[in-house]
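Coordinate-derived values only; no laboratory data. Since this is a predicted model, take the numbers as computed values, not measurements.
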Amino acid sequence: MDKQHQIPKYVEVANGYQLIEDYHDDPTGLLLPVTSRCGYIHLIRGRGDIPDSITLKKGFVWDGASGPTIDDSTNARAAMIHDALYRTVRAGILDKWYRATADQVFYTALREDGMAWWRAFYYWLGVRLFGWRSVRPK
């Protein structure tokens, strides 16, 4: 995959990872239906030649890739963006059907960041099969 993305700057904290500076990205396939802000998460719907994008503010915390995985450079960005998108679905900002798009963005980001296709497929399959639990309102 040829698209280059900014590497998020974060530190490990008790419940996962925390951004130490704002992070902005236009992940492939984002396709947002709205522009919205939800705490540390800002979704920006693009116009014309400007792609849809996401900004995660300094202090955003996520738990890394879920399941029997090892967090590394090939899944850090994907897991962070995926967690943010799932939170907006859980909050009702994005429709529950957006979960499939979030999962596809996750897979594409894994591949763009150097993960082998077969490993990325298993990560994707995991979120497709079990991710519904994470988007239910709490």
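Annotations
- Normalised by the number of residues in the stretch 1-117, the mean separation of alpha-carbon contacts (under 8 Å, six or more apart) gives a relative contact order of 26 percent.
- Overall form of the stretch 10-132 per C-alpha gyration tensor (a/c, 1.5; a/b vs b/c): rounded
- Helical runs assigned H by DSSP (4 residues or longer) give the chain a calculated mean residue ellipticity at 222 nm of -10500 deg cm²/dmol, each run adding -39500 (n - 2.57) before division by the residue total.
- Most mobile listed residue (D49, D63, D25) in the chain, GNM with C-alpha springs under 10 Å: D49
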